[in-house]
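The structure appears right after this line, and notes come after that.
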């Protein structure tokens, strides 16, 4: 019973730490009070504070540096990715789950980019588009250019939460792009899709941008389903397990 009570105190300490962070308008990298200071501020024992800090550290919300202090963490994509990786390994998330989320998020990113793009941003996106063209016959050049093109669209969308979510998927998506751009035909198809996306954003046509991105990523999903024997090995190595690529194919084909 005593253990349960202390955990409840730790939960309240977490709430108080959140209140402190907000009221003091702390930013990533800012230092928090020490364990001893937090204990005195909240009038609770240090064991409860220690448990609260441990929980926040596990959630990647704070960085506890021994001999230095406690810092508000930068909520990076790699930190947010860790729960995804765990659930991928456990089989809770399948390949088609990732594609559905990826398509839903990035299609809306393209729509927002079409709504918010400045002339200067359009010029930068054009340069990124040219880099993908130059990489059509070199998969290593193309994968970096492709990633850069999509990242620029995300920046144009100017939604920090969407950027954070997309960043959390970046490593997984990068590996999928690496697997799916092995063939020059697919790189050519991707470049042509990029042209359609760029033209829609340049025209500030939100619906066209949304549809162009949806079609582009949907075609990638279909290519994975079509070449399931090859990609089952590639994606299996990426996520350290074999995906049900046939099931992905059924969903991609709408059956």
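Bear in mind that the values in this text are calculations on the coordinates, not laboratory data. Every value quoted in this text rests on a predicted model; they were computed, and no experiment measured them. Cβ: placed from backbone, ideal geometry, glycine included. Neighbour counts: every protein chain shown.
Here are some notes:
- Likely footprinting exposure, 63, 74, fewest C-beta neighbours within 10 Å first: 74, 63
- At 1.002 mPa s and 20 °C, Stokes D of the range 88-202 from Kirkwood alpha-carbon radius, µm² per second: 147
- Fraction of the pair-distance distribution of the range 140-226 above 23 Å, Cα-Cα pairs, percent: 20
- Value of Rg to Rh for the range 164-208 (Rh from inverse mean 1/r over Cα pairs, i.e. Kirkwood): 1.08
- Cβ crowding within 10 Å ranks 21, 197, 124 as 124, 21, 197, fewest other Cβ atoms first.
- In the range 2-72, the inverse of the mean reciprocal separation of distinct Cα atoms equals 12.1 Å; this is its Kirkwood hydrodynamic radius.
- Out of every Cα-Cα pair that the range 119-165 contains, those further apart than 16 angstrom amount to 41 percent.
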